[in-house]
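The block underneath contains the structure these notes are about, expressed in C-alpha cells.
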Amino acid sequence: MQINVTTDYAIRIIVFLDQAGVGTSKTADEISEAMHIPKGYLAKVLKKLRSGNLVDSVIGQKGGYYLVKDKKEITLLQIMENMEKTMYINRCLEPDYYCNRAATQSCKIRRYYQEVQEEIREKYFNISIEELINRYSDSERELLCKKGEES
C-alpha cells in the first residue's frame, strides 16, 4: 500500500500549519515555498483539506490558511481518509463488499484482510498529529524535512 503524493502533501501542510502556531495563518505562497509544493497542486490539496474541515482560510492582505482543529484532535487517519480515494487494502473490503466470486461471507482470505485492515487503521493511522510530532521531533532534527533531505 502506498499513499499518494497529494496525501503526503496534506499531512505535511497540517504539520506545517501547526508549527506556525495557534491562530497563525500562512499564505499559499508561504506554504508552497516552505513545503516545495507547486502552487497549482497546493490549491488542489488545500481545497480538499478545507472540504474535510481540517483547515480554513481568511481572505485579505493578512489572510491565509490555518488549522480548524487542535493537533490533538486531528488524526493521520482523518487526513488520509479525506485525501485518499480508498483506504482499503483489497477491493472486497469496500462498503459494497464486491467479490468477483460472490464469496465475501465465506472467504477466509477476506477475513484475514479484515484483520490486517483493522490493525493498520488502529495501530498505525489512528495517531494524532500531536503524537506524531512529539514522537518524531527532537531538537536536532525537524519533523518536516528540508529540500534535499530524506523523509
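Which of the residues belonging to the range 60-91 are more than 23 Å from ALA34 (Cβ to Cβ), among the hydrophobic types (A, V, I, L, M, F, W, C) and modelled with pLDDT of 90 or more?
LEU77
Counting only residues that are among the basic types (Lys, Arg), give me the helices (runs of 4 or more DSSP H) lying completely in the range 5-120 with at least 2 of them.
Answer list for the range 5-120: 39-51, 108-119.
Here is a list: SER57, SER151, SER128, SER137. Which entry is modelled with pLDDT under 85, surrounded by 11 or more Cβ atoms within 10 Å (Cβ to Cβ) and of a type in the set (S, T, N, Q)? Break it down into steps so the answer makes sense when it comes.
Numbers: SER57 fails: modelled with pLDDT under 85; SER151 fails: surrounded by 11 or more Cβ atoms within 10 Å (Cβ to Cβ); SER128 fails: modelled with pLDDT under 85.
Step by step, each of SER57, SER151, SER128, SER137 is checked, and only SER137 is modelled with pLDDT under 85, surrounded by 11 or more Cβ atoms within 10 Å (Cβ to Cβ) and of a type in the set (S, T, N, Q).
Identify the residue in the range 1-26 that is in contact with a strand residue (DSSP E or B) (Cβ under 9 Å, 6 or more places away or on another chain) and polar (S, T, N, Q) and, among all such residues, is surrounded by the fewest Cβ atoms within 10 Å (Cβ to Cβ).
Once the filter is applied, the top-ranked residue is THR24.
Determine the pairs where a residue that is of a type outside the set (Ser, Thr, Tyr), located within the range 122-151, has a partner that is at pLDDT below 70 and surrounded by 14 or more Cβ atoms within 10 Å (Cβ to Cβ) with Cβ atoms under 6 Å apart, the partner being 6 or more residues away or on another chain.
Close Cβ pairs (under 6 Å, with a partner that is at pLDDT below 70 and surrounded by 14 or more Cβ atoms within 10 Å (Cβ to Cβ)) amount to ILE133/LEU143.
All but one of (1) touching a helix residue (DSSP H, G or I) at 6+ places or on another chain (Cβ under 9 Å); (2) surrounded by 14 or more Cβ atoms within 10 Å (Cβ to Cβ) hold for ASP29, so report the exception by its number.
(2)
Quick check on the range 34-54: of everything there that is surrounded by 13 or more Cβ atoms within 10 Å (Cβ to Cβ) and under 13 Å from the mean Cα position of the chain (by Cα), which residue is nearest to VAL5 (Cα to Cα)?
VAL45
Limited to the range 60-104, what total is found for residues that are crowded, with 18+ Cβ neighbours inside 10 Å and at positive phi?
1
Determine whether GLU81 is in contact with a Ser or Thr (Cβ under 8 Å, 6 or more places away or on another chain) and either acidic (Asp, Glu) or under 25 Å from ASN134 (Cα atoms) (or both). Break it down stepwise before answering.
Numbers: in contact with a Ser or Thr (Cβ under 8 Å, 6 or more places away or on another chain): no; either acidic (Asp, Glu) or under 25 Å from ASN134 (Cα atoms) (or both): yes.
Considered against the rule, which asks whether it is in contact with a Ser or Thr (Cβ under 8 Å, 6 or more places away or on another chain) and either acidic (Asp, Glu) or under 25 Å from ASN134 (Cα atoms) (or both), GLU81 comes out as no.
List the number of the failed condition for CYS92; all other conditions in (1) under 18 Å from TYR9 (Cα atoms); (2) without any contact (Cβ under 8 Å) to a residue 24 or more places away in the chain; (3) not hydroxyl-bearing (Ser, Thr, Tyr) hold.
It is condition (1) that CYS92 fails.
Could you check the range 5-31 and list, in sequence order, the residues that are without any contact (Cβ under 8 Å) to a residue 60 or more places away in the chain and within 17 Å of the chain's Cα centre (by Cα)?
If the condition is that a residue be without any contact (Cβ under 8 Å) to a residue 60 or more places away in the chain and within 17 Å of the chain's Cα centre (by Cα), then VAL5, ASP8, TYR9, ILE13, LEU17, ILE31 are the ones that fit.
The values are calculated or read from the model by the stated rules, or taken from the named source; none is laboratory data. As the structure is a computational prediction, the values presented were derived from the model and not from experiment. No Cβ is skipped: glycine too gets one built from the backbone with ideal geometry, and neighbour counts run over all protein chains shown.
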